[in-house]
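The values are calculated or read from the model by the stated rules, or taken from the named source; none is laboratory data. Computed from a predicted structure; not experimentally measured. Cβ placement follows ideal geometry from the backbone for every residue including glycine, while neighbour counts extend to all protein chains displayed. Each accessible area value is taken on the protein alone, full model and side chains, heavy atoms only, with ligands, DNA and RNA left out. Shrake-Rupley method; radii C 1.70, N 1.55, O 1.52, S 1.80 Å.
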Amino acid sequence: IKPEAVQILASRAAGSMRDSQSLLEQLLAVADGVIAAEDVNSLLGLAPADRLSQLVNHLVARDAAAALEEFDAVQDSGVEVGQFLDQLVGYFRDLMMTCVGCSSNQVLYALPTQADELARLGQELGIHTVLAILQILDQTAARLRLSVHGRTLMEMALVRICNLEDLDEFIKGWYSDDL
């Protein structure tokens, strides 16, 4: 089993040894020789980490068209909307943890290879913007359970995120105007 495959397995099991063992048994049943990250992603219906990173970078750049194109590619690869939304929530959760200075031990969903990316994006976005993104994603997840229009809800969330103001700059300006 390749190291990245183990990392993905561990993050999806969320610390549960039983879940890890169960996922590993499923992989061993379908794998042909060496288990790679692609095998784990395929079994679990996940988007690859690089595809998730590309979409997040489009969101940070406030490029809605590129974010929607990337999401379309994710959909074309067979990843379910709800599963991808869970991945985004996990990624932005880890970004929030990074923004507030938590140790790398508290990063649960992003791969260790994404640590530098998390630090860079945390600096670029700031905690207030990350929290607003998490709220948008959480609201989308709640609505997704009650709707047959999952794709449209996800697309709306991506466009909303791309249209967020830089909340950290806004808050700094608001406080400095008060002084």
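Data for the structure
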quantity: Some residue of the range 85-96 being of a type in the set (K, R) and touching a residue at least 40 places away in the same chain (Cβ under 8 Å); calculated: yes
quantity: Verdict on G126 being at pLDDT below 95, open to solvent by less than 40 Å² (accessible area, probe 1.4 Å) and in contact with a helix residue (DSSP H, G or I) (Cβ under 6 Å, 6 or more places away or on another chain); calculated: yes
quantity: Residues that are closer than 18 Å to C162 by Cβ and under 9 Å from the mean Cα position of the chain (by Cα), drawn from the range 56-86; calculated: V56, F84, L85
quantity: The one condition in (1) of a type in the set (D, E); (2) closer than 28 Å to E165 by Cβ; (3) crowded, with 18+ Cβ neighbours inside 10 Å that D39 fails to fulfil; calculated: (2)
quantity: Members of the range 62-79 that are in contact (Cβ under 8 Å) with a residue 40 or more places away in the chain and surrounded by fewer than 19 Cβ atoms within 10 Å (Cβ to Cβ); calculated: R62, D63, A64, L68, Q75
quantity: Residues satisfying the stated conditions in the range 96-122, i.e. assigned to a helix (DSSP H, G or I), small (G, A, S) and open to solvent by 40 Å² or more (accessible area, probe 1.4 Å); calculated: S104, A115, A119
